[in-house]
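The structure under discussion appears below in the form of structure tokens.
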Amino acid sequence: MATKRTTTTSPAPLAKAPGKPRNVKNIIPLGSQDVAVYASPRISNALAEVTKDMTLYHGVRLSQVLQAVYFQGQKDGARHAFAELDKKVQEAQNAIPHRNPGQPKKSK
């Protein structure tokens, strides 16, 4: 009786070559310039599908959405960084024993 289960129906995960980055470079033409977007293969395929039949109107809308997502990510990242800094400063303040200054000890 075998205790090991073998599955032959599931596809093998996409393997990358050793030393090769997993992210894929995607070039998106935006009027006067080309924008390079680095993304995982799954996001890269979705981006290629979205930009396949792109008109000028859809290109402008996509650039507006991407720009909004980028700026929101910047804000969220900054908020997270400042929250971490505030938390660490509070921990440092709690670690330092503070006593109010009082009258110095009298010498004999």
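In this structure, does Ala46 turn out to be part of a helix (DSSP H, G or I), in the same structural domain as Ala36 (by TED's automatic domain parsing) and either among the small types (Gly, Ala, Ser) or in contact (Cβ under 8 Å) with a residue 24 or more places away in the chain (or both)? Considered against the rule, which asks whether it is part of a helix (DSSP H, G or I), in the same structural domain as Ala36 (by TED's automatic domain parsing) and either among the small types (Gly, Ala, Ser) or in contact (Cβ under 8 Å) with a residue 24 or more places away in the chain (or both), Ala46 comes out as yes. Within segment 60-78, track down each residue that is out of contact with any helix residue (DSSP H, G or I) (no Cβ under 8 Å at 6 or more places or on another chain) and closer than 15 Å to Asn26 by Cα. Hits for segment 60-78 are Ser63, Leu66. Restricted to segment 11-47, and to residues there that are more than 18 Å from His58 (Cα to Cα) and touching a helix residue (DSSP H, G or I) at 6+ places or on another chain (Cβ under 7 Å), the residue that is modelled with the lowest pLDDT is Leu14.
Would you confirm whether any residue within segment 67-75 is under 19 Å from the mean Cα position of the chain (by Cα), assigned by TED's automatic domain parsing to the domain that holds Val24 and surrounded by 10 or more Cβ atoms within 10 Å (Cβ to Cβ)? No - not one qualifying residue is present in segment 67-75. Read through the list (1) in contact with a strand residue (DSSP E or B) (Cβ under 9 Å, 6 or more places away or on another chain); (2) exposed (fewer than 10 other Cβ atoms within 10 Å of the Cβ); (3) not in a strand (DSSP E or B); (4) not charged (D, E, K, R), then give the number of the only condition that Gly59 fails. Condition (2) is where Gly59 drops out.
The values are calculated or read from the model by the stated rules, or taken from the named source; none is laboratory data. Just so it is clear, the model here is predicted, and its values are computed rather than measured. Note: ideal-geometry Cβ built from the backbone for every residue, glycine included; neighbour counts use all protein chains shown.
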